[in-house]
Amino acid sequence: MKEQEIYTRQMPFNESPEEIDALVSRVTDKAINEAGARRHRAARRRTWWSAAAAVAVVAIVAAVVLLRPASTQRELLAINDVTTIVDSGQTQQPIEAGVTDDAALDDALLDVSILDTEVSTDVPTEVTAGPGPIDDFIASCDDAMLEQYEDNLYI
Amino acid sequence: MKVSNDDILAMMRSDDRREQGYRLLMRQYGRALYWHIRRIVVDHDDAEDALQETAIKIFDRLASYNGDGDLMAWVYSIATREALQVLRRHTSIFQSIDSLGEALADKLPAPSRVDGDKASLLLQRALLTLPTTQRMAFNMRYFDDMSYEQIAAVTGKSVATLKTNYHYATERIKDYITSNES
């Protein structure tokens, strides 16, 4: 390209080269300032986004920590109710509240299942029949009565 | 003192000398860019707007400019897009910027207020009767003395197409001047 004079070759405009140079200098300064301002705005936006992301992470972690144990405890309370019913006053230990992990929960449910089986096969150890102690009753019976009692006992 | 494009690019890519490199680039090409834009949009205020946008985009993008091709063609291509963008703002949705010729001609200064001769004003009026692509090809070839290869890098068109555009432009300008000379 030739010298800059060719830019204004036969141009019917009044602006002098000095005016155009001043304009170029002005837009150059403005572009630099604008770029600086944009970088500043971008940095501020990044800060806001970082803060928002941090708050979101904290909220999610808090929700996981607070809500998950609560729901687990509700399940355990329901299991304890079942245990209480099945136990019927026997010596089975209730499942401790605060059992939170799945493996412990499975163990607890297994205990309930075993307990259920134990209760259903439980046999009374003491038999009462008639108005008095069995020994007195048997002693007062004659042979016919005793035979009849034994027949009734094994039906 | 003229600084090489490579030196300007090296400065622009260095964090601490970026601004200095940019100022050098604008000092080197700013005036040419202004007139390139001015010949497209005609109005001075529009040219200033487009030049401002061009300056901002050059500053933003120069750090990522890969250095392929001519730096001057690259800055001209940005200026061309911004100038055309300004012209589009003056059209309605279904109107082509080629239809703005008469409106742009009205923005040319009156002959009595112009320092140049009457012929240059007639040339500008003739140019504004051309389609934008022909007008830009003629401007860059005639006023900026650019090679067809450089113009091709600015416009993205082939050299053959640009030669055809330039040929048709000169023919139509001759016809216009002949029929409007008095």
Does the stretch B:79-87 include one or more residues that are out of contact with any helix residue (DSSP H, G or I) (no Cβ under 7 Å at 6 or more places or on another chain) and either under 21 Å from A:Glu19 (Cβ atoms) or crowded, with 16+ Cβ neighbours inside 10 Å (or both)? no
Name the residue, out of B:Tyr65, B:Tyr76, B:Tyr22, that is crowded, with 23+ Cβ neighbours inside 10 Å and not aliphatic (A, V, I, L, M). B:Tyr76
Across the stretch B:27-84, what is the number of residues that are within 15 Å of the chain's Cα centre (by Cα) and at positive phi? 1
Some residue of the stretch B:38-57 being within 13 Å of chain A (Cβ to nearest Cβ) and modelled with pLDDT under 85: no
Among B:Ala153, B:Ala119, which is the only one that is under 25 Å from A:Val24 (Cα atoms) and in a helix (DSSP H, G or I)? B:Ala153
The stretch B:106-126 - residue that is under 21 Å from A:Glu15 (Cβ atoms) and away from chain A (no Cβ under 11 Å) and, of those, modelled with the lowest pLDDT: B:Ser112
Note on B:Gln95: of the conditions (1) more than 25 Å from B:Leu9 (Cα to Cα); (2) touching a Ser or Thr at 6+ places or on another chain (Cβ under 6 Å), unmet is (2)
Scanning the stretch B:124-182 for residues that are free of Cβ contacts under 8 Å to residues at least 12 places away in the same chain and of a type in the set (Gly, Ala, Ser), which turns out surrounded by the fewest Cβ atoms within 10 Å (Cβ to Cβ)? B:Ser182
Does any residue in the stretch B:63-81 that is outside the structural domain of B:Thr155 (by TED's automatic domain parsing) and of a type in the set (Val, Ile, Thr) come within less than 7 Å, Cβ to Cβ, of a residue that is surrounded by fewer than 17 Cβ atoms within 10 Å (Cβ to Cβ) and modelled with pLDDT of 80 or more six or more places away or on a different chain, and which pairs are these? B:Ile78/B:Lys57
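The values are calculated or read from the model by the stated rules, or taken from the named source; none is laboratory data. Please read all numbers here as calculations on a predicted model, not as lab measurements. Every residue, glycine among them, receives a Cβ derived from its backbone with ideal geometry; neighbour counts consider all protein chains shown.
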